[in-house]
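Novice: One structure follows; several queries about it will come next.
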């Protein structure tokens with residue numbers, strides 16, 4: 001779990017950068033901070049710089065050794081919209097779609113759900129060409145060897161929980177900042193002045209991401225995965241709690257669009273299953289990811305929370321195949337919305353594809369650097385990951401207090417003799433470090449952990 005970073009540290013760095021109107025490099029910044037009595041190692045400073053940049057309190061140009069940090073001037077802030085539009089290089093088709101969806105809504109032709117858009121796949125596919133898929137595999141695949149599903153996502157779990165929870169919520173209009181999201185997820189500190197629904201939205205994202213990663217062997221484009229994703233993401237957010245995890249029985253509208261989704265429940269169920277079956281049959285994880293993102297958004301199978309479900313479902317094949325996850329971090333909201341409108345109103349995926357590919361490249365850069373900071377995973381822990389989860393659950397669920405004898409006996413039955421003592425030591429280290437913030441790794445619920453903690457740790 002990420003370490004807590006004090007606001008006073010961030011302010012001190014921000015104030016130091018404000019002095020250098022022509023920018024400052026990381027080495028010079030370290031020296032300047034040390035001269036003012038603030039000493040921290042390079043890694044700690046870079047972590048704080050990331051927060052300041054993502055919170056739009058400072059800006060940065062260049063990369064690696066040539067990276068320069070600047071104070072965030074009024075002139076830069078006023079050009080945010082123009083900057084957003086220039087971030088993502090669009091294809092010619094992407095530009096065409098953008099021009100169409102930017103027309104006044106009165107000039108756009110009303111349209112309903114077109115089943116041919118789904119039924120014509122794969123004849124009208126693939127959505128991602130060979131060169132694009134090959135490139136995404138090259139940049140997104142970290143583990144060349146065979147490792148358990150979900151390994152990559154677990155390695156960057158702390159960062160992924162914060163990034164994806166914030167970015168997906170931001171795309172829905174949530175006003176939490178990235179730093180406020182980190183405090184909520186890492187320390188349970190809800191931001192002051194925020195609507196309770198915004199807090200609930202982010203916490204639901206956290207739980208949904210944990211569900212995907214910890215159920216990596218079981219998830220897929222199937223009813224179990226998608227319906228449960230919706231149930232988690234919509235928990236305590238819908239007027240009718242019984243609608244959580246259920247396909248809608250009512251018509252819905254799309255604000256700001258001339259698109260009217262399918263309204264007949266029987267047909268909705270039929271095309272929901274058809275979309276899942278089609279997605280599940282796609283062998284390439286990136287094509288599968290993008291197809292799921294497009295068609296779950298387009299069908300609108302639930303009364304609400306559809307796009308959130310689609311964004312997290314897009315990570316299912318990436319988690320299962322140990323590819324870098326897609327967090328949607330830094331994806332401009334306007335570009336994302338326009339891409340979705342292109343799908344809704346024109347059944348054209350090119351603008352959304354431009355956004356998807358750019359967003360994935362952005363996520364890869366972020367998580368590869370995070371993984372490098374963390375170092376290589378422990379092969380021993382990876383080897384016994386499933387058995388480690390099994391014995392931790394055994395101890396907690398069956399209310400074992402003095403676990404030494406139980407763990408030793410269990411290890412003797414399940415672990416090769418040469419590895420037994422190291423495994424036993426690992427189990428006790430995990431039990432000692434077990435807390436509310438990491439129990440999902442062992443598929444434990446808060447109530448189950450609370451009972452064990454009250455009886456044997458208090």
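The values are calculated or read from the model by the stated rules, or taken from the named source; none is laboratory data. Everything numeric here is computed off the predicted structure, so don't read it as measured data. Quick reminder, even Gly has a Cβ in these numbers, built from the backbone with ideal geometry, and neighbours come from all protein chains shown.
Novice: Can you confirm whether residue 237 is more than 30 Å from residue 384 (Cα to Cα), in contact (Cβ under 8 Å) with a residue 40 or more places away in the chain and touching a helix residue (DSSP H, G or I) at 6+ places or on another chain (Cβ under 7 Å)? Steps first, please.
Specialist: Values: more than 30 Å from residue 384 (Cα to Cα): yes; in contact (Cβ under 8 Å) with a residue 40 or more places away in the chain: yes; touching a helix residue (DSSP H, G or I) at 6+ places or on another chain (Cβ under 7 Å): yes.
Criteria met by residue 237.
A quick yes/no check of all residues on (1) touching a strand residue (DSSP E or B) at 6+ places or on another chain (Cβ under 9 Å); (2) farther than 15 Å from residue 137 by Cα; (3) modelled with pLDDT under 95:
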{"position": "287", "(1), (2), (3)": "no, no, no"}
{"position": "315", "(1), (2), (3)": "no, no, no"}
{"position": "330", "(1), (2), (3)": "no, yes, yes"}
{"position": "336", "(1), (2), (3)": "no, yes, no"}
{"position": "345", "(1), (2), (3)": "yes, yes, no"}
{"position": "357", "(1), (2), (3)": "no, no, no"}
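Novice: What number of residues within the stretch 211-234 satisfy the criterion of being without any contact (Cβ under 8 Å) to a residue 12 or more places away in the chain and in a helix (DSSP H, G or I)?
Specialist: Residues flagged as without any contact (Cβ under 8 Å) to a residue 12 or more places away in the chain and in a helix (DSSP H, G or I) within the stretch 211-234 amount to 1.
Novice: Related question: Would you check which residues across the stretch 255-266 are in contact (Cβ under 8 Å) with a residue 12 or more places away in the chain and part of a helix (DSSP H, G or I) and list them? Outline the logic, then answer.
Specialist: Initially, the stretch 255-266 is screened for residues in contact (Cβ under 8 Å) with a residue 12 or more places away in the chain, giving 256-263, 265.
If the condition is that a residue be in contact (Cβ under 8 Å) with a residue 12 or more places away in the chain and part of a helix (DSSP H, G or I), then 265 is the only one that fits.
Novice: So in the stretch 142-160, with the set limited to residues that are under 15 Å from residue 368 (Cα atoms) and at pLDDT below 80, which one is farthest from the chain's Cα centre (by Cα)? Working first, answer last.
Specialist: Pass one, the stretch 142-160, residues under 15 Å from residue 368 (Cα atoms): 142-144, 151-160.
Next, only the ones that are at pLDDT below 80 stay: 142-144.
Numbers: 142: 18, 143: 19, 144: 23 Å.
Result: 144.
Novice: Search the stretch 81-140 for residues being part of a loop (DSSP other than H, G, I, E, B), surrounded by 12 or more Cβ atoms within 10 Å (Cβ to Cβ) and under 24 Å from the mean Cα position of the chain (by Cα), and hand back the single one that is modelled with the lowest pLDDT.
Specialist: Ranking the qualifying residues of the stretch 81-140, first place goes to 88.
Novice: What is the residue count in the stretch 13-48 for residues that are over 35 Å from the mean Cα position of the chain (by Cα) and assigned to a helix (DSSP H, G or I)?
Specialist: So the answer is 4.
Novice: Going through 283, 297 one at a time, which residue ends up being outside any loop (DSSP other than H, G, I, E, B) and under 23 Å from residue 321 (Cβ atoms)?
Specialist: Working: 283 fails: outside any loop (DSSP other than H, G, I, E, B).
Only one candidate passes the filter, namely 297.
Novice: If you don't mind, another one. State whether the residues of the stretch 184-197 include one that is buried (at least 19 other Cβ atoms within 10 Å of the Cβ) and modelled with pLDDT under 95.
Specialist: Taking the stretch 184-197 as the starting set, the residues that turn out to be buried (at least 19 other Cβ atoms within 10 Å of the Cβ) are 184-185.
Those still in the list that are modelled with pLDDT under 95 too: 184-185.
Scanning the stretch 184-197, I find at least one residue that is buried (at least 19 other Cβ atoms within 10 Å of the Cβ) and modelled with pLDDT under 95, so the answer is yes.
Novice: Are any residues in the stretch 3-30 at pLDDT 85 or above and surrounded by fewer than 11 Cβ atoms within 10 Å (Cβ to Cβ), and if so, which ones?
Specialist: Matches in the stretch 3-30: 27 only.
Listed here are the residues, each with its yes/no results for (1) in contact (Cβ under 8 Å) with a residue 24 or more places away in the chain; (2) within 24 Å of residue 235 (Cβ to Cβ); (3) assigned to a helix (DSSP H, G or I); (4) not assigned by TED's automatic domain parsing to the domain that holds residue 222.
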position	(1), (2), (3), (4)
303	yes, yes, no, no
317	yes, no, yes, no
325	yes, yes, no, no
330	yes, no, no, no
334	yes, no, yes, no
340	yes, yes, yes, no
348	yes, no, no, no
354	yes, no, yes, no
357	yes, no, yes, no
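Novice: While we're on this one: For a quick check of your reading: which helices (runs of 4 or more DSSP H) sit entirely within the stretch 364-434 and have at least 3 residues that are surrounded by 15 or more Cβ atoms within 10 Å (Cβ to Cβ) and either assigned by TED's automatic domain parsing to the domain that holds residue 447 or at pLDDT below 85 (or both)?
Specialist: Details: elements: 379-383, 385-397, 403-414, 417-432.
Answer list for the stretch 364-434: 385-397, 403-414, 417-432.
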